Amino acid sequence: MFHLVLKFYDMKDEKFYKITILLAALGTVFASFLFYNFLTKPSVEVCTINEQVNCDAVTKGDLATLFGVPVSFVGLVGYVCVLAAAFFKNKKVILAVAAFGMLFCLRLTFLELFSIKIVCPVCLACQIDMLVLFLLSTLANFKKPQTW
């Protein structure tokens, strides 16, 4: 595990931005799916597995909004901000948005598991994606500049 961390710690900035763009694009797809589920009733519910594992309880239930704003929309905006920051090569903005996103996702995951006792697989995928973005951006922001 430590070897993997060192490998990412030594990662060049260009590689960091490419990985970040990939992860943010993937997160945008996940968040778009959840936001679409919030807005509509899809004819095919690929995320509904059973009563305890489904997205509808989160996208259409009590956890669907926070202060009147759809949670899935907040996630979508977050991923788009990370994507834009990666294109503009701004590591600090990526870290700030990823930190907020990770805390936001952790709050939602905690409420899913312990309040409504339901797991949303796509929400969990968003959490993992945002956690990886946060870890990578933390390493990228706090590594020592290379001197030649």
Next item on the list: Compute the Kirkwood hydrodynamic radius of the chain, taking the inverse of the mean of 1/r over all pairs of distinct Cα atoms, and give it in Å to one decimal.
Entry: 16.0
Check: In the chain, which cysteines lack any other cysteine Cβ under 4.7 Å from their own?
Finding: Cys81, Cys105, Cys126
Notebook entry, point to check: Would you list Ile21, Ile49 from fewest to most Cβ contacts within 10 Å?
Noted result: Ile49, Ile21
Next item on the list: Rank the residues Ser72, Ser32 as a footprinting-exposure proxy: fewest other Cβ atoms within 10 Å of their Cβ go first.
Entry: Ser32, Ser72
Margin query: Using Cα-Cα distances under 8 Å and only pairs 6 or more residues apart, what relative contact order does the chain have, in percent?
Written below: 33
Next item on the list: Sum -39500 (n - 2.57) across every DSSP H segment of at least 4 residues in the chain, then divide by the residue count to get the 222 nm mean residue ellipticity, nearest 500.
Entry: -22500 deg cm²/dmol
Margin query: Using Cβ counts within 10 Å as a stand-in for footprinting exposure, how do Thr65, Thr28 rank, fewest first?
Written below: Thr65, Thr28
Note to self: Number of Lys pairs in the chain with C-alpha atoms less than 12 angstrom apart, excluding same-chain neighbours closer than eight positions?
What the structure shows: 8
Note to self: Which one, Phe114, Phe16, Gly75, projects farthest toward the positive side of the charge dipole computed for the chain from Cβ point charges (K/R +1, D/E -1)?
What the structure shows: Phe16
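Read-outs: derived from the displayed coordinates by stated rules, not from any lab. Since the model is a prediction, treat every value here as computed from it, not as a measurement. All Cβ positions, glycine included, derive from the backbone under ideal geometry; neighbour counts span all protein chains shown.
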